[in-house]
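These notes concern the structure reproduced below.
The values are calculated or read from the model by the stated rules, or taken from the named source; none is laboratory data. What you see is a predicted model, and the numbers here were worked out from it, not measured in a lab. Glycine gets a Cβ as well: all are built from the backbone with ideal geometry, and neighbour counts include every protein chain shown.
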């Protein structure tokens, strides 16, 4: 009887792991801010814009096929060294996956990409989910949410939506944040989802056997 209980218990844990790690997300929420203004796109469609970095943009979206692409343009209204540009974002998925600026993959490479090529102001190809961003750079990371030059606005940003879950994102920019005034960001989700799920499931199963 004890062996039957152990087998059943192990099966239930394994089933829970499968649901946690392999289920494709169907809904997501993008929470973001840009200093000074921004436009946000998901899968090529504009979902919102903002002009006050303390008023967080919150955009709910549906996910088809377990994948999506976020593309964001942030404009620093204070030219060059007269101001500091900044961008911060996280994505909360309904399968309990949390994504944030500053995240890195297993190779230590950031999962978000950016460009300071101002020609994208006229050419909107960069918002297309199939756009090739392989030559884009890694964002330069600054302070984590709640610290640094934007820290004084953290309370207002929490009140405006950056809570439940708490934001763990980093402020970032394309290189020094007192140089470029037009910066473009992209994040792609779903391409490695199946592989990551398999690896995590294998790890969970290995832990169960120990």
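Residues are listed down the side, and each one gets a yes or a no for (1) over 12 Å from residue 186 (Cβ atoms); (2) at pLDDT 95 or above; (3) part of a strand (DSSP E or B):
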{"position": "38", "(1), (2), (3)": "yes, yes, yes"}
{"position": "46", "(1), (2), (3)": "yes, yes, yes"}
{"position": "49", "(1), (2), (3)": "yes, yes, yes"}
{"position": "60", "(1), (2), (3)": "yes, yes, yes"}
{"position": "71", "(1), (2), (3)": "no, yes, yes"}
{"position": "81", "(1), (2), (3)": "yes, no, no"}
{"position": "89", "(1), (2), (3)": "no, yes, yes"}
{"position": "134", "(1), (2), (3)": "no, yes, no"}
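When segment 78-104 is filtered for residues that are touching a residue at least 60 places away in the same chain (Cβ under 8 Å), loosely packed, with under 13 Cβ neighbours inside 10 Å and under 15 Å from the mean Cα position of the chain (by Cα), only 96 remains. Only residues that are part of a loop (DSSP other than H, G, I, E, B) and more than 13 Å from residue 88 (Cβ to Cβ) were counted across segment 136-159, and they come to 2.
Would you mind stating whether residue 27 is in contact with a helix residue (DSSP H, G or I) (Cβ under 8 Å, 6 or more places away or on another chain), surrounded by fewer than 15 Cβ atoms within 10 Å (Cβ to Cβ) and either touching a residue at least 40 places away in the same chain (Cβ under 8 Å) or over 19 Å from residue 183 (Cβ atoms) (or both)? It would help to see each step written out before you state the result.
On the way: in contact with a helix residue (DSSP H, G or I) (Cβ under 8 Å, 6 or more places away or on another chain): no; surrounded by fewer than 15 Cβ atoms within 10 Å (Cβ to Cβ): yes; either touching a residue at least 40 places away in the same chain (Cβ under 8 Å) or over 19 Å from residue 183 (Cβ atoms) (or both): yes.
Considered against the rule, which asks whether it is in contact with a helix residue (DSSP H, G or I) (Cβ under 8 Å, 6 or more places away or on another chain), surrounded by fewer than 15 Cβ atoms within 10 Å (Cβ to Cβ) and either touching a residue at least 40 places away in the same chain (Cβ under 8 Å) or over 19 Å from residue 183 (Cβ atoms) (or both), residue 27 comes out as no.
For segment 128-139, check the following and say yes or no: at least one residue is within 24 Å of residue 54 (Cβ to Cβ), touching a strand residue (DSSP E or B) at 6+ places or on another chain (Cβ under 7 Å) and in contact (Cβ under 8 Å) with a residue 12 or more places away in the chain. Looking for residues that are within 24 Å of residue 54 (Cβ to Cβ), touching a strand residue (DSSP E or B) at 6+ places or on another chain (Cβ under 7 Å) and in contact (Cβ under 8 Å) with a residue 12 or more places away in the chain, one finds at least one in segment 128-139, hence yes.
Output the number of residues of segment 163-176 satisfying the condition of being buried (at least 23 other Cβ atoms within 10 Å of the Cβ) and not in a strand (DSSP E or B). Steps first, answer last, please.
Applying the first criterion (buried (at least 23 other Cβ atoms within 10 Å of the Cβ)) to segment 163-176 yields 167, 169-174.
Add one more test, that the residue is not in a strand (DSSP E or B), and what stays is 167, 169, 174.
Residues that pass the stated criteria total 3.
The set of residues from segment 118-147 being over 20 Å from the mean Cα position of the chain (by Cα) and surrounded by 15 or more Cβ atoms within 10 Å (Cβ to Cβ) comprises just one member, 120.
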